[in-house]
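*Asks:* Starting off with a structure, shown below.
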Amino acid sequence: MKIKVALLHFGFKEYATELANGLVNYVDLTVIQQEKNTQDAREVLDPRISVKTFKKPDMHDPSNIQTMGEIMRLIRKVDPDILHVQEINDIWYLLTVLVLFKKMPPLVTTIHDISSHPGDGKKVFGSDYTRPIAFYRSQQLIVHTEEQKTKLNQKFSIPNQKIHVLPHGEIGSWYKRHGHKNSPPREPCTLLFFGRIWPYKGLKYLLEAMPLIAEQMPEVKLIIAGRGENMEQYFPNGYDPQRYDILNHFITNEDVVSLFARSTITVLPYIEASQSGVAALSYGMGTPVVAFDVGGLSEIVRHEQDGLLVPPRDVKALAESIIYLLKDHKLYSKMQSATLARCQQDLNWANIAEQTLEVYHQLAKAK
């Protein structure tokens, strides 16, 4: 008889959808998610998956109390053997469901970020104080890197046997199912900086490296795509549109596919990182990564196999690594093949689903 699992998520829809499609081969699965995510997800979710939805108001709306009540009702209705929650920083969830909802099913929580990133403009007020509630109330935790496991163990005294390190699966496939059928050709010297633009993403270091790169690769171009900070602080005197393509707004699914299809290298000049969904997306698109050697990136990017790791904040080394990869076409082709191979190996969702099932079985045995 299959284990009955409820997978609850408030975001991370790409991750949750791909994981669900892998898990349904092994468990009786119900996905509980925000109503606004249903249309996108329903198009790609396996039809064997039952879907329950709820409406989630803005964080400051007191009607969140009713929303939490609805979520509890849905959980009770499903009556799962295991509740698997994709980490959220929603204070309403943490205080209501985890504190007041006493009869919780055995709980597995996937932790994508143990603490807020420096300078993150989307940080939820008080989340660094409420987030540990999930750590302690969960019977099992899933993280994406050994560094995260060590941090949970040392900073929060979570025992090692409660923490499981599973890779962040590739999410390029999810975007490809939503993207254009005819993607543009890959451009030979185009760099991509993608995602939320906040100080910890280190965009300034890449911009400082661009003139050094252009000295040897005059045709180099940088695409900056994502929302966040005011871009004028980076370009107080304007910028050359032949050198920079700036898309400082929400990027649609279709445009994500086009951007990665065009780009030669994805650059992650982060000064802090727990893991990276952008790297997982880039590999799914067959695009090698050049990244600063910080945090979880050191485990995700395999140096000189599917990307290059650079000493943190070292602008010269960043420029030299990008130039090296752009010029060495044989190495680039090798790395590109390696990124796609990773998507059939440790970043493959079927493999990740099997590992997740093992976490469920451990929890079921401990009941």
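*Asks:* Sort out which residues of region 286-301 are in a loop (DSSP other than H, G, I, E, B) and touching an Asp or Glu at 6+ places or on another chain (Cβ under 9 Å), and write them in order of number. Steps first, answer last, please.
*Replies:* As a first pass, look at region 286-301 and keep what is in a loop (DSSP other than H, G, I, E, B): 286-288, 293-296, 301.
Of everything in region 286-301, those that are in a loop (DSSP other than H, G, I, E, B) and touching an Asp or Glu at 6+ places or on another chain (Cβ under 9 Å) turn out to be PRO288, VAL294, GLY295, GLY296, VAL301.
Yes or no, residue by residue, for (1) closer than 16 Å to ARG186 by Cβ; (2) aliphatic (A, V, I, L, M):
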| residue | (1), (2) |
| --- | --- |
| HIS249 | no, no |
| GLY284 | yes, no |
| PHE292 | no, no |
| LEU308 | no, yes |
| LEU318 | no, yes |
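*Asks:* A follow-up question, please. Please determine, by comparing only the residues of region 75-129 that are at pLDDT below 85, assigned to a loop (DSSP other than H, G, I, E, B) and among the aliphatic types (A, V, I, L, M), which one is farthest from the chain's Cα centre (by Cα).
*Replies:* Checked region 75-129; the qualifying residue farthest from the chain's Cα centre (by Cα) is MET104.
*Asks:* Can you find a residue that is surrounded by 18 or more Cβ atoms within 10 Å (Cβ to Cβ), among the small types (Gly, Ala, Ser) and more than 30 Å from ILE163 (Cβ to Cβ) anywhere in region 334-345?
*Replies:* Checking region 334-345: not a single residue is surrounded by 18 or more Cβ atoms within 10 Å (Cβ to Cβ), among the small types (Gly, Ala, Ser) and more than 30 Å from ILE163 (Cβ to Cβ).
*Asks:* Could you give every pair whose Cβ atoms fall below 7 Å, whose first residue belongs to region 297-321 and is outside the structural domain of THR287 (by TED's automatic domain parsing), and whose second residue is surrounded by fewer than 23 Cβ atoms within 10 Å (Cβ to Cβ) and part of a helix (DSSP H, G or I), counting only separations of at least 6 or pairs across chains?
*Replies:* Every condition considered, no pair remains.
*Asks:* Looking at the structure I just gave you, is VAL27 of a type in the set (A, V, I, L, M, F, W, C), at pLDDT 85 or above and assigned by TED's automatic domain parsing to the domain that holds GLU146?
*Replies:* yes
*Asks:* Here's something else I'd like to know. Would you call THR252 among the hydroxyl-bearing types (Ser, Thr, Tyr), outside the structural domain of GLU14 (by TED's automatic domain parsing) and modelled with pLDDT of 95 or more? Steps first, please.
*Replies:* On the way: among the hydroxyl-bearing types (Ser, Thr, Tyr): yes; outside the structural domain of GLU14 (by TED's automatic domain parsing): yes; modelled with pLDDT of 95 or more: no.
No.
*Asks:* Let me ask you something else. Hand me the list of helices (runs of 4 or more DSSP H) wholly inside region 160-265 holding 1 or more residues that are closer than 24 Å to ALA319 by Cα and of a type in the set (Lys, Arg).
*Replies:* Once the helices (runs of 4 or more DSSP H) in region 160-265 are filtered for at least 1 residues that are closer than 24 Å to ALA319 by Cα and of a type in the set (Lys, Arg), what remains is 203-216, 253-262.
*Asks:* Could you tell me how many of the residues in region 11-35 are part of a loop (DSSP other than H, G, I, E, B) and either buried (at least 21 other Cβ atoms within 10 Å of the Cβ) or among the hydroxyl-bearing types (Ser, Thr, Tyr) (or both)?
*Replies:* Count: 3.
One line per residue, one yes/no per condition, for (1) hydrophobic (A, V, I, L, M, F, W, C); (2) buried (at least 20 other Cβ atoms within 10 Å of the Cβ); (3) within 25 Å of the chain's Cα centre (by Cα):
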site	(1), (2), (3)
ILE171	yes, yes, yes
LEU192	yes, yes, yes
PRO211	no, no, no
GLU219	no, no, no
ALA225	yes, yes, yes
GLY228	no, no, yes
GLN242	no, no, no
HIS249	no, no, yes
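*Asks:* Right, here's the next one. Quick one: count up the residues across region 142-158 that are of a type in the set (S, T, N, Q), under 23 Å from LEU19 (Cα atoms) and in a helix (DSSP H, G or I).
*Replies:* Our first condition is that a residue be of a type in the set (S, T, N, Q); within region 142-158, this holds for 145, 148, 150, 153-154, 157.
Retained after the next criterion (residues that are under 23 Å from LEU19 (Cα atoms)): 145, 148.
Narrowing further to those that are in a helix (DSSP H, G or I): 148.
Residues flagged as of a type in the set (S, T, N, Q), under 23 Å from LEU19 (Cα atoms) and in a helix (DSSP H, G or I) within region 142-158 amount to 1.
*Asks:* Sticking with this structure for a sec: List every residue pair whose Cβ atoms lie under 8 Å apart, where the two residues are 6 or more positions apart in sequence or sit on different chains, the first residue falls within region 1-26 and is without any contact (Cβ under 8 Å) to a residue 60 or more places away in the chain, and the second residue, located anywhere, is crowded, with 20+ Cβ neighbours inside 10 Å and part of a helix (DSSP H, G or I).
*Replies:* LYS13/ASN37; LYS13/ALA41
*Asks:* From the residues in region 251-278 that are among the hydrophobic types (A, V, I, L, M, F, W, C) and under 13 Å from GLN336 (Cα atoms), which one is surrounded by the most Cβ atoms within 10 Å (Cβ to Cβ)?
*Replies:* PHE260
*Asks:* Go through (1) in contact with a Ser or Thr (Cβ under 8 Å, 6 or more places away or on another chain); (2) not in a helix (DSSP H, G or I) and name the single condition TYR283 misses.
*Replies:* All conditions are met except number (2).
*Asks:* Take the residues of region 281-298 that are touching a Pro at 6+ places or on another chain (Cβ under 9 Å) and hydrophobic (A, V, I, L, M, F, W, C): which is modelled with the lowest pLDDT? Full working, then the answer.
*Replies:* Narrowing region 281-298 to residues touching a Pro at 6+ places or on another chain (Cβ under 9 Å): 282, 290-294.
Going one step further and asking which of them are hydrophobic (A, V, I, L, M, F, W, C), we end up with 290-292, 294.
On the way: VAL290: 98, ALA291: 97, PHE292: 97, VAL294: 93.
Once the filter is applied, the top-ranked residue is VAL294.
The values are calculated or read from the model by the stated rules, or taken from the named source; none is laboratory data. All figures in this text were calculated on a predicted structure; none of them were measured in a lab. Cβ: placed from backbone, ideal geometry, glycine included. Neighbour counts: every protein chain shown.
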